[in-house]
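Worksheet: one structure, shown below.
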Amino acid sequence: MTTSTGTTFPAALGRLDSIPRTRLFAGKMPVESMPILTEHCAGARLFVKRDDCTGLAFGGNKTRQLEFYLGEACAQRADTILITGAVQSNFVRMAAAGARRLGMECHIQQEERVATESPHYRQSGNVLVSKLLGATLHSYPDGEDETGADRQLTQISAQLRAAGKIPYIIPLAPGHPPLGALGYVVAAHELLGQFDEMRLNVGEIIVGSGSGATHAGLLFGFRALGSAIAVTGVCVRRDAELQRARISATCEGIAALLEIESRVSNDDIFLVDEFLAPGYGVPNPATLDAIVLGAQTEGLMLDPVYTGKAFAAMIARAGSASKNTAMMFVHTGGSPALFAYQDVLQQRLEGLNAH
Ligand SMILES: Cc1ncc(COP(=O)(O)O)c(C=O)c1O
């Protein structure tokens, strides 16, 4: 595993080449067409970027983000990664897998973001995978206190340091350099190359917007590279107004890391929050139906927390768009959570089959 990129990015991406990065997957993730879903929606031509195939214990968008966090951890010669996430966080599961690939330990702090006592939610899906990877689990009783969660992780890190370890913290709260978002600046560059090769003119990209690293990285990358592709973020964590401020701050953070000007203006940040309710980590009927539709048209495995909501938004937008436009969904992974939410999914399937 190396900590250099081996890639030369265009000068428009500033000092991206010189920021430590550890490659965690090879090659480019495919862009595929979705002909059956396109016919079903009877609107825009639909495509999917398969970032669910990035490897690393079931894959997902966080692999790209981890390339930069773990790159920095390697540069600091760290031997232990510390990270916070919801009980069913995909990020912590992939961080634990990435740490193993680099010969490191991983400490996961689970926040209480979703009020459920479901044994599947607490023990299956991402939790089971993280345990398989041998991560040490801690808990934080709040789900809306990112700074407090970071503080507790810093205390655990101090204990590890006192015991002779070299810890590296992946922070949760905003205000830290958004290293993870650089993974999606790289993805924007990769996508523009693929669109060129495929002679594909994509008008809109749909992506889940949680921490906002994926959304901000793509938007920043496209604009820096001179592309005007619309990027629509689908809120999965907080409403559009709060999320807009977060995306804007993350773009500024990316600009500072790359030492270039941000070309993202506030009115360029598109967000939809119709599929967020009833809240983070709680799927609504449209989300569950989108998961079923993705599976039964294109064989895609979406998830109830992130990609199901984003896919539901794409279906709604595709139906009212012209047949001459192409829309691309970024599949950001999350499939292990299907098993954590199996009760609600089974109920919905039974309801659909009864009609
Ligand atoms: C499967 C999946 N999709 C989308 C997201 C949202 O990505 P971001 O946090 O970069 O906004 C996450 C975040 O955890 C995720 O796990």
Spin-label point model (7 Å from Cα, Cβ direction): what's the K323 to H138 distance in nm? 5.8 nm
In the neighborhood of A78, defined by Cβ-to-Cβ distances under 12 Å, what is the net charge if each Lys or Arg adds +1 and each Asp or Glu adds -1? 0
What is the local net charge at D145, summed over the other residues whose Cβ is closer than 11 Å to its Cβ (Lys, Arg +1; Asp, Glu -1)? -4
Specify the inter-centroid distance of the range 12-28 and the range 293-337, based on alpha-carbon positions, in whole Å. 28 Å
How many nm is it between the label spots at I36 and V282, if each spot is 7 Å from the Cα in line with the beta carbon? 3.3 nm
For the range 1-106 the chymotrypsin sites (Phe, Trp or Tyr not before Pro) that pass both the DSSP coil test and the at-most-15 other-Cβ-within-10 Å test are F25
Note down the net charge around H40, summing +1 for each Lys or Arg and -1 for each Asp or Glu among other residues with Cβ under 15 Å from its Cβ. 0
Which order do H107, H40, H215 fall in if you start with the one that has the fewest other Cβ atoms within 10 Å? H40, H107, H215
For K131, counting only aspartates and glutamates whose alpha-carbon sits under 15 Å away and dropping same-chain residues fewer than eight positions off, the answer is E105
If amide hydrogens are placed 1.01 Å from N in the peptide plane, which non-local residues have theirs closer than 5 Å to the one on V231? I205, F270
Excluding residues fewer than 8 places away in the same chain, name every one of the lysines whose C-alpha is closer than 17 Å to that of K309. K49
Once fully extended, how much extra length lies between D196 and T147, figured as 0.36 nm per residue of separation less the alpha-carbon to alpha-carbon distance? 13.4 nm
Compare R21, R246, R77 in a GNM of the chain, Cα atoms joined below 10 Å, and give the one with the largest fluctuation. R77
In square nanometres, what is one fourth of the surface area of the convex hull spanned by the alpha carbons of the chain? 16.8 nm²
Rounded to the nearest 0.05, what FRET efficiency do D268 and R15 have when you use their Cβ-Cβ distance and R0 = 30 Å? 0.80
Efficiency of FRET from Cβ geometry, A162 and E350, R₀ 56 Å, rounded to 0.05: 0.60
Among V292, V330, V92, V236, which comes first, second and so on when ranked by fewest other beta-carbon atoms within 10 Å? V292, V236, V330, V92
In terms of the alpha carbon gyration tensor, root eigenvalues a ≥ b ≥ c, rounded if a/c is under 1.5 and otherwise prolate when a/b exceeds b/c or oblate, the range 189-340 is oblate
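Rounded to the nearest 500, what is the 222 nm mean residue ellipticity of the chain from helices alone, with -39500 (n - 2.57) per DSSP H run of 4+ residues and division by all residues?
Result for the chain, helices only: -13500 deg cm²/dmol.
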Given points 7 Å out from each Cα along the Cα-Cβ axis, report the L242 to V292 separation in nanometres with one decimal. 3.1 nm
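Each reported figure results from applying straightforward, stated rules to the coordinates on display, with no laboratory input. Not measured: the values here are computed from a predicted model. Cβ: placed from backbone, ideal geometry, glycine included. Neighbour counts: every protein chain shown.
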